[in-house]
Amino acid sequence: MHRTVVPLCAQGPHLPMTEEEFLKWIDDIDADGDHQVSKQELKKALHDLGISFISWKAWRAMRRSDLNHNRHIDGQKEVRKLIDCARGWGIVR
């Protein structure tokens, strides 16, 4: 069986992203437009980037970033925490 590898740039933004690109990407992954990022939205977005271990990374990002425990990443402080997670995974430079 022969597998075709699709480069990440064909699937979405180039990695690693700048913080500005990441903030735009967060706006894009907010599927329902509620200005919050749910765990499901984050999992889908990580999958679309071709990132591995998406369930664990989404869980970890929510644990570290959801400071008010409302099961969404919302607000500037929570987004900053998400950027820190993404930087650790090589998504943000």
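The values are calculated or read from the model by the stated rules, or taken from the named source; none is laboratory data. Remember, it's a predicted structure, so these values are computed and weren't measured experimentally. Heads up, the Cβs are rebuilt from the backbone with ideal geometry, glycines too, and the neighbour counts pull from every protein chain shown. SASA here: full protein model, heavy atoms, side chains in, ligands and nucleic acids out. Shrake-Rupley method; radii C 1.70, N 1.55, O 1.52, S 1.80 Å.
List every residue pair whose Cβ atoms lie under 7 Å apart, where the two residues are 6 or more positions apart in sequence or sit on different chains, the first residue falls within the range 51-69 and is more than 17 Å from Arg80 (Cβ to Cβ) and polar (S, T, N, Q), and the second residue, located anywhere, is open to solvent by 40 Å² or more (accessible area, probe 1.4 Å) and in a helix (DSSP H, G or I).
Partner pairs satisfying both residue conditions: Ser55/Lys43.
Could you tell me which numbered condition Arg64 fails, if it satisfies all but one of (1) modelled with pLDDT under 95; (2) surrounded by fewer than 16 Cβ atoms within 10 Å (Cβ to Cβ); (3) touching a helix residue (DSSP H, G or I) at 6+ places or on another chain (Cβ under 6 Å); (4) in a helix (DSSP H, G or I)?
(1)
Just the residues that are in a helix (DSSP H, G or I) and modelled with pLDDT under 90, please, taken from the range 26-61.
Looking only at the range 26-61, we keep the residues that are in a helix (DSSP H, G or I), and these are 26-29, 39-49, 54-61.
Answer for the range 26-61, where residues must be in a helix (DSSP H, G or I) and modelled with pLDDT under 90: Ile26, Asp27, Asp28, Ile29, Asp48, Leu49.
Among the residues in the range 57-67, are any of a type in the set (S, T, N, Q) and touching a strand residue (DSSP E or B) at 6+ places or on another chain (Cβ under 8 Å)? Before the answer, list the steps.
To start, the set of residues in the range 57-67 that are of a type in the set (S, T, N, Q) comprises 65.
If we keep only those that are touching a strand residue (DSSP E or B) at 6+ places or on another chain (Cβ under 8 Å) as well, we get 65.
Yes, the range 57-67 has at least one match.
Do we have any residue at all in the range 40-56 that's under 14 Å from Val92 (Cα atoms), open to solvent by 90 Å² or more (accessible area, probe 1.4 Å) and among the basic types (Lys, Arg)?
No; the residues of the range 40-56 include none that is under 14 Å from Val92 (Cα atoms), open to solvent by 90 Å² or more (accessible area, probe 1.4 Å) and among the basic types (Lys, Arg).
Does the range 70-93 hold any residues that are of a type outside the set (Lys, Arg), touching a residue at least 12 places away in the same chain (Cβ under 8 Å) and assigned to a helix (DSSP H, G or I), and which are they?
Glu78, Val79, Leu82, Ile83, Asp84, Cys85, Ala86
Hey, any hits in the range 13-21 for a residue that's surrounded by 16 or more Cβ atoms within 10 Å (Cβ to Cβ) and at pLDDT below 90?
Yes, the range 13-21 contains at least one residue that is surrounded by 16 or more Cβ atoms within 10 Å (Cβ to Cβ) and at pLDDT below 90.
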